[in-house]
Amino acid sequence: MKPHFLNGLTYVNTWHRSPYGKIISDWKIKPNGSFQWHVQVPVNSFATVDVPASGANAVQLNGHKISNKPWIKFVAYVNGRAIYMLESGSYRFQSALLSGH
């Protein structure tokens, strides 16, 4: 999953019913420039998410610094996005955006 920002668009709430269950991607840009993203990955599934952020250490999960766990792995920081591999579950990311997003 990879959110794309369009001029004037500050939030998206969407979901898709897959053969394995519901996939959710709800994100918003707050007035202070921070980014919040709720992602849900269905059971027996994996996802790659590209979290827009000002740096690899600017991303939090449920209000805490992210450390590699069996269900979430940091892959890389590329072009203003921190990339993670996720196992099934519900995730709430927060990040500081690069200026210009």
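Structure data summary
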item: In the range 42-89, residue nearest to Asn32 (Cα to Cα) [restricted to those that are in a strand (DSSP E or B) and among the hydroxyl-bearing types (Ser, Thr, Tyr)]; result: Tyr77
item: Any hit, the range 16-25, residues being surrounded by 12 or more Cβ atoms within 10 Å (Cβ to Cβ) and under 9 Å from the mean Cα position of the chain (by Cα); result: yes
item: Filter result for Val51 (surrounded by fewer than 13 Cβ atoms within 10 Å (Cβ to Cβ) and in contact (Cβ under 8 Å) with a residue 40 or more places away in the chain); result: no
item: Among (1) surrounded by fewer than 15 Cβ atoms within 10 Å (Cβ to Cβ); (2) in contact with a strand residue (DSSP E or B) (Cβ under 7 Å, 6 or more places away or on another chain); (3) at pLDDT below 95 - the single one Ile72 does not satisfy; result: (1)
item: Filter result (surrounded by fewer than 17 Cβ atoms within 10 Å (Cβ to Cβ) and at negative phi) within the range 84-95; result: Met85, Glu87, Ser88, Ser90, Arg92
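The values are calculated or read from the model by the stated rules, or taken from the named source; none is laboratory data. Just so it is clear, the structure is predicted and the values come from calculations on it, not from any experiment. Neighbour counts are summed over all protein chains in view; Cβ atoms, including those assigned to glycine, are modelled from backbone coordinates with ideal geometry.
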